[in-house]
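Here the structure comes first, spelled out in structure tokens, and everything after it is commentary.
No lab work stands behind these numbers, since they all come straight from the coordinates. These numbers come from a predicted model, not from an experiment. Note: ideal-geometry Cβ built from the backbone for every residue, glycine included; neighbour counts use all protein chains shown.
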Amino acid sequence: MKCQICNSNEANIVFTQIINSEKIVLKICSDCAKKKGISIEIEKPTQPKISSFIGSVTGDLSDKDDKNIPDLTCETCGLTFAEFKKEGLFGCDKCHIYFGEHISTLLKQIHGTDIHEGKPPKMLSKKGAKIVSLRKLQADLKKSIAVEDYEKAAVLRDKIAAMQEKKVNK
């Protein structure tokens, strides 16, 4: 594909930015990147740098101030929040529950939200799919109320009520 700036060189750099669920993609060549003052240096890391990334994103969890690390431990696998911060990996599928708001804050800072808004897994059961659908409607309802779109909020409220009514009657 040709560079979207000069339209002559082959594009070899792709910038992707997502703002308010809108994806913007810019494909440019190295020459145009240099003219714009953009330098891309790719190094092969010797080890994952997730712990320093987590610290820099959360601010209050920087390596310089370890006393601010919450004293939390996953009751399922025994992983501490300090270990998670150091390694950048959960110990089990329940860690996010025990680390609670600290993970939620981190996800919001990295991704802009702490709610998964993608497609549900293909293997998800019917009950699981209904739960995912209900949670999505509830999140949409909160957003509609926040932007004062009360007509849409009323429609969503009715859909949520209908889903919950079916759940109670089954």
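Each residue, L134 and E75, gets one label point 7 Å from its Cα in the Cβ direction; the gap between the two is 2.3 nm.
When the P(r) of region 126-169 is calculated, the portion above 11 Å amounts to 62% of the C-alpha pairs. If R0 equals 25 Å, the separation of the Cβ atoms of D149 and L107 corresponds to a calculated FRET efficiency of about 0.50.
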